[in-house]
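Report on the following structure.
Here, each number is a calculation from the coordinates, and none is a lab measurement. Since the structure is predicted, the reported quantities are computational estimates derived from the model, not experimental observations. Please note: Cβ atoms are built from the backbone with ideal geometry, for glycine as well, and neighbour counts cover all protein chains shown.
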Amino acid sequence: MTMLSKEKLDRINELSKLAKTVGLTKKQAMEQKALRNEYLSAFRSSFTDHLHTVKVVDAKGNDVTPQKLKDSKAQKHKRLH
């Protein structure tokens, strides 16, 4: 998943400013919540994809990548193939 469009990020910021100044209507609050959830989903997906590129090695060059990360990488690989 990719990050949100500039328009959506701008709208998140606009709603945040409104919330701090004059308050939000119910409709705006629902929109803000939906946009925030979409943003967090995109961020988490991007972050997870980034973590899947990481390999941890110790000073001796041994792979010490945490098993949880190795398992997550393997699960993603299975879903792709």
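Can you pull the Kirkwood radius for the chain, inverse mean 1/r over Cα pairs, to one decimal in Å? Each step should come with its number before you reach the end.
On the way: mean 1/r = 0.0644 Å⁻¹.
Taking the inverse mean of 1/r over all distinct Cα pairs, the chain comes out at 15.5 Å.
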Using the alpha-carbon atoms, what tilt in degrees (0 to 90, nearest 10) does helix 26-51 show relative to the longest principal axis of the chain? 20 degrees
Helix 67-80 sits at what angle to the longest principal axis of the chain, using alpha carbons and giving 0 to 90 degrees rounded to 10? 80 degrees
For the chain the mean separation of alpha carbon contacts under 8 Å (6+ apart) over residue count, i.e. relative contact order in percent, is 27 percent
Sum of -39500 (n - 2.57) over DSSP H runs of 4+, divided by residues of the chain (222 nm, nearest 500): -23500 deg cm²/dmol
Along the Cα-to-Cβ line of ALA34, 7 Å from the Cα, sits a label point; which residues in region 1-25 have backbone N less than 15 Å from it? 8-9, 11-12, 15, 25
